[in-house]
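What follows is a short report on a single structure.
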There are 2 protein chains.
Amino acid sequence: MNLDQATPEQLQQWEAELANQYQSLQDQSLNLDLTRGKPSAEQLNLSDALDGILDGDYRAADGTDVRNYGGLDGIQEAKQFAADVLQVNTSEVLVGGNSSLTLMFQTVLFAHEFGLQGADSAWKTQGKVKFLCPVPGYDRHFTVCEQLGIDMVTVPMLSTGPDMDQVEAMIKADPQIVGMWCVPKYSNPTGVVYSDETVERIAQLANIANPYFRVFWDNAYAVHDLVENPPELANIMDACRKHNTEDSVLQFASTSKITHAGSGVCFMAASPANLAGFQQVLASCTIGPDKVNQLRHARLLPDMTALRAHMKKHAAIIQPRFNSVLENLSSAFDGTGLGTWETPVGGYFISFDTLPGCAQAVVKLAADAGVKLTPAGATFPYGKDPQDRNIRLAPTVPTVEEVDQAMKVFEVCVKLASVRSKLAA
Amino acid sequence: MNLDQATPEQLQQWEAELANQYQSLQDQSLNLDLTRGKPSAEQLNLSDALDGILDGDYRAADGTDVRNYGGLDGIQEAKQFAADVLQVNTSEVLVGGNSSLTLMFQTVLFAHEFGLQGADSAWKTQGKVKFLCPVPGYDRHFTVCEQLGIDMVTVPMLSTGPDMDQVEAMIKADPQIVGMWCVPKYSNPTGVVYSDETVERIAQLANIANPYFRVFWDNAYAVHDLVENPPELANIMDACRKHNTEDSVLQFASTSKITHAGSGVCFMAASPANLAGFQQVLASCTIGPDKVNQLRHARLLPDMTALRAHMKKHAAIIQPRFNSVLENLSSAFDGTGLGTWETPVGGYFISFDTLPGCAQAVVKLAADAGVKLTPAGATFPYGKDPQDRNIRLAPTVPTVEEVDQAMKVFEVCVKLASVRSKLAA
């Protein structure tokens, strides 16, 4: 099926055949869902020991009674866990509540309104400011900017991470750019891992950027590998140390996709100066995080060996679902030119680019055949994909059989939408 | 000891005697602490069943898997708990994480920056705005305003609550007043319960105030009674319903001083319009609260009968400490004119007013004799008590014997500071 060389008659014939196939899929009254980037119940079961794990012992290693108030930046063993995951020093971490999104929102808010280095550093003093958003990206990052009135400018994701030539050119040209969103490992949604060169260049952006420029390094999938010998993400903080730019990067992660998604522990890593600025404001919002839950997590996952063993169990559950998506894409679209995608070896998503102008049509066709997909455009700021191409596939929640069924529907929808688009052109 | 009628010689003699007593107290090298409004370990033990209470059953009553993402406003059984405590409908509550201070900070922030009823309602569009702060009050309320650049104007607390004549006059005269802090039951720190008339008048403030005026009703001690047949606080939401002012009051509470102080569950009650406005912004900060912990709390305290029985156990621990403070104050200062205080029958604090200009001296004398007190001024905005009179006593953490010892020191410090102040006048 090569659309470019097809005659109108050929296209018509394909359309008829695909419409026929689509009709029989519709007749099956499916009810499948590839929208949700969340763990399945089977994955959540892996951490059910959390409740009750303290066995009446509510003392942290340093003697702190974790039940009481206090401790704005978390308990020592939770800091150690965070430092291990993000490969930084414990003096560079703060451990919070159940949501890294909250930490990110707070950090953007505090930097914008109050400044992380005193009132003069508040972004709002500089008028309307902007964030660089590699696209496709994570919708909740974009929502933070939108809520806080921060403009977003996009830069394309490559297989090595954001297009750094463009990033550097834009940052040099526009001092109103004060931030940049990054999901450096198994990026949401394309699944790529930033290359060493990309990390190295990001660590040097502070040298050409607004003095209060910050990279928001959302390492949500730091330990979420699906293969043996997974790709290693270069250490951004080490790169920053080399270039004296430690203040320019703020790292975030959580256990949301390690233990229980809604009741995990989040953390950030940053230079001591950034942490101090952050905590100064944080102290007016809270007396401290839930230390009991931090201690539960430290007991469940006492070291990196335990964590790696735990993540292998996740991988065993997720991998067949990823394989199903990737095998279906490959057998349906290899060599057709109807779509492009990466082959992630970790994370939660596979991202598919249709021919230009087809994504919305595919999502609608799929929905009408009982397969829910993430709304087209969701991976772009303001929900607008200018080329209407990107679709995010999230296969963790359905069973392998359901993923396979859904992908068969997806195949027909992509082909049908592509042929119709060609016919209409 | 009547300072007003004493001769200079008499004062000199008292000073010498008290200095002598003070010296022998200092020689005891005490190390006591009445600063902390937090539960003792004995109180925390009452809720140790929380960890493990789910016994592997992570399903809420409606079938929700509480381990996963989602549910911005909390699970149904936690809402029922919140609604019972605050005596509102479950449709009027939102249940959050571990900190009601966070909910209050967020509410003030959202109302100021984004508006609870659309962008036009944002306080910041009205220039510099103000909050009414009954004093003495809770320092963390004042810190929220200070952090957000909201001016604070004070109004005195009476034994019936804030001086409502002054409150009404100030609100009528100044449309820049957009908020008011209230701790209506066992007020922090005076311990008074707002009278029915005060509640009724607060419910009508919206009729004379800025259209976006909000009362921040921090009912932190709603169920924290120390006596049988405790005073009942009138239902503010019912009063608002009567006057069609439901949008003007936002209520807050938590289980921080019911279960484990740092890992409880917080909640707010508000009109559906306010809740909708709040959640619209909240959705950009978080995917949802820790529902597992909400379920733990609902299992530990399934209804008001269980809650009341639980609070009686707290009362049995706290009451002897309160009695010690109150008996010491009474025997030391009744009829002396050296200080005034309320006699709270619930909450966490007893508030003592010295003669004008003596509070800082008392706190310093006590510290130098090994008894830590909350810094003088802490109960006023910006930490400044204009008359330098108020001292907050927090007796829950020390043992009864320690409270008694500390109060004996306090007595001598108050008397010595008072005599010296008179001598210096």
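The values are calculated or read from the model by the stated rules, or taken from the named source; none is laboratory data. Just so we're clear, the structure is a prediction, and the values are computed from it rather than from any experiment. Note: ideal-geometry Cβ built from the backbone for every residue, glycine included; neighbour counts use all protein chains shown.
Some points to look at:
- Output for segment A:33-47, where each listed residue is over 11 Å from residue A:349 (Cβ atoms) and at the interface with chain B (Cβ under 10 Å from one of its Cβ atoms): A:38, A:39, A:40, A:41, A:43, A:44, A:45, A:47
- Residue A:198 vs. criteria outside any loop (DSSP other than H, G, I, E, B), in the same structural domain as residue A:246 (by TED's automatic domain parsing), β-branched (Val, Ile, Thr) and surrounded by fewer than 20 Cβ atoms within 10 Å (Cβ to Cβ): no
- Hey, residue B:320 part of a helix (DSSP H, G or I) and surrounded by fewer than 20 Cβ atoms within 10 Å (Cβ to Cβ) or not: yes
- Among all positions in segment A:90-113, there is no residue which is on the phi > 0 side of the Ramachandran plot and either in contact (Cβ under 8 Å) with a residue 60 or more places away in the chain or surrounded by fewer than 18 Cβ atoms within 10 Å (Cβ to Cβ) (or both).
- Inside segment B:1-18, residues that are in contact (Cβ under 8 Å) with a residue 40 or more places away in the chain, surrounded by 14 or more Cβ atoms within 10 Å (Cβ to Cβ) and not hydrophobic (A, V, I, L, M, F, W, C) make up a count of 1.
- Unmet requirement for residue A:86, which otherwise passes all of (1) surrounded by fewer than 19 Cβ atoms within 10 Å (Cβ to Cβ); (2) within 26 Å of residue A:190 (Cα to Cα): (1)
- Hits in segment B:280-307 (condition: part of a helix (DSSP H, G or I), hydrophobic (A, V, I, L, M, F, W, C) and within 12 Å of chain A (Cβ to nearest Cβ)): B:281, B:282, B:292, B:295
- If you go through segment B:307-333 and keep only what is in contact with a helix residue (DSSP H, G or I) (Cβ under 6 Å, 6 or more places away or on another chain) and hydroxyl-bearing (Ser, Thr, Tyr), you end up with just B:324.
- Test: residue in segment B:253-267 that is assigned by TED's automatic domain parsing to the domain that holds residue B:141 and surrounded by fewer than 16 Cβ atoms within 10 Å (Cβ to Cβ): no
- Segment B:250-278 - residue that is polar (S, T, N, Q), assigned to a loop (DSSP other than H, G, I, E, B) and under 16 Å from residue B:38 (Cβ atoms) and, of those, farthest from the other protein chains (Cβ to nearest Cβ): B:255
- Of the set (1) among the small types (Gly, Ala, Ser); (2) surrounded by 20 or more Cβ atoms within 10 Å (Cβ to Cβ); (3) not in a helix (DSSP H, G or I), all apply to residue B:337 but (2).
- Residue pairs whose Cβ atoms lie under 9 Å apart, sitting 6 or more positions apart in sequence or on different chains, and linking a residue in segment B:52-74 that is facing chain A (nearest Cβ under 7 Å) and on the phi > 0 side of the Ramachandran plot to a partner that is surrounded by fewer than 18 Cβ atoms within 10 Å (Cβ to Cβ) and of a type in the set (D, E, K, R), are B:52/A:55; B:56/A:48.
- Residues within segment B:353-408 that are assigned to a helix (DSSP H, G or I) and either surrounded by 22 or more Cβ atoms within 10 Å (Cβ to Cβ) or not aromatic (Phe, Trp, Tyr) (or both), tallied: 21
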